[in-house]
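Take a look at the structure below.
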Amino acid sequence: MFAEASWCVECKRMAPLAEAVAAAHPDVVFERVDVSAGDSTAADLRVMATPTLIGFAGGAEVGRVTGRRAVSYTHLTLPTIPRWCRSRGGGGD
């Protein structure tokens, strides 16, 4: 899951790479959540900063990278999310 906000500059910089990784891994479900839209999903998942990348497998969180660290390591982090999910037996649900 890619938690972003409409006003977040770093999120806008990450979005194209997130979309490219999602396209390269059709077996993994990638969701985008706009935390500024008022949806409770971000609050339910305790998203405290944007951008936040969260990997899930079997309904459980298997990895998370938040804020500037997510931006700094985008080229390393995004490609590993499908592996986080697969290594725990899920398809990234």
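Observations, loosely collected:
- Put Glu61, Glu10, Glu4, Glu31 in order of accessible area, highest first, and with a 1.4 Å probe you get Glu31, Glu61, Glu10, Glu4.
- Per-residue surface analysis assigns Asp34 an accessible area of about 60 Å², computed on protein heavy atoms at 1.4 Å probe radius.
- Cβ charges +1 (Lys, Arg) and -1 (Asp, Glu), total dipole of segment 1-71, debye: 340 debye
- Projected over every direction and averaged, the convex hull enclosing the alpha-carbon atoms of segment 1-64 yields 4.3 nm².
- Across segment 18-25, rounded Karplus estimates of 3J(HN,Hα) from the backbone phi angles (6.51 cos²θ - 1.76 cosθ + 1.60, θ = phi - 60°) give 4, 5, 5, 5, 4, 5, 7, 10 Hz, Gly and Pro being marked x.
- For segment 7-13, 3J(HN,Hα) per residue [Karplus equation, 6.51 cos²θ - 1.76 cosθ + 1.60, θ = phi - 60°, Hz, x = Gly/Pro]: 8, 8, 4, 4, 4, 5, 5
- Residue-normalised accessible area of segment 1-65, expressed per residue, 1.4 Å probe, Å²: 53 Å²
- Sequence-ordered 3J(HN,Hα) estimates for segment 42-54 from the Karplus curve with 6.51, -1.76 and 1.60 and θ = phi - 60° stand at 4, 5, 4, 8, 6, 6, 9, 8, 10, x, 10, 10, 10 Hz, glycine and proline given as x.
The values are calculated or read from the model by the stated rules, or taken from the named source; none is laboratory data. Quick caveat, the model's predicted, so the values are computed rather than measured. Neighbour counts run over all protein chains shown; Cβ positions are idealised from the backbone, glycine included. Heavy atoms of the whole protein, side chains included, go into the accessibility calculation; ligands, DNA and RNA do not. Shrake-Rupley method; radii C 1.70, N 1.55, O 1.52, S 1.80 Å.
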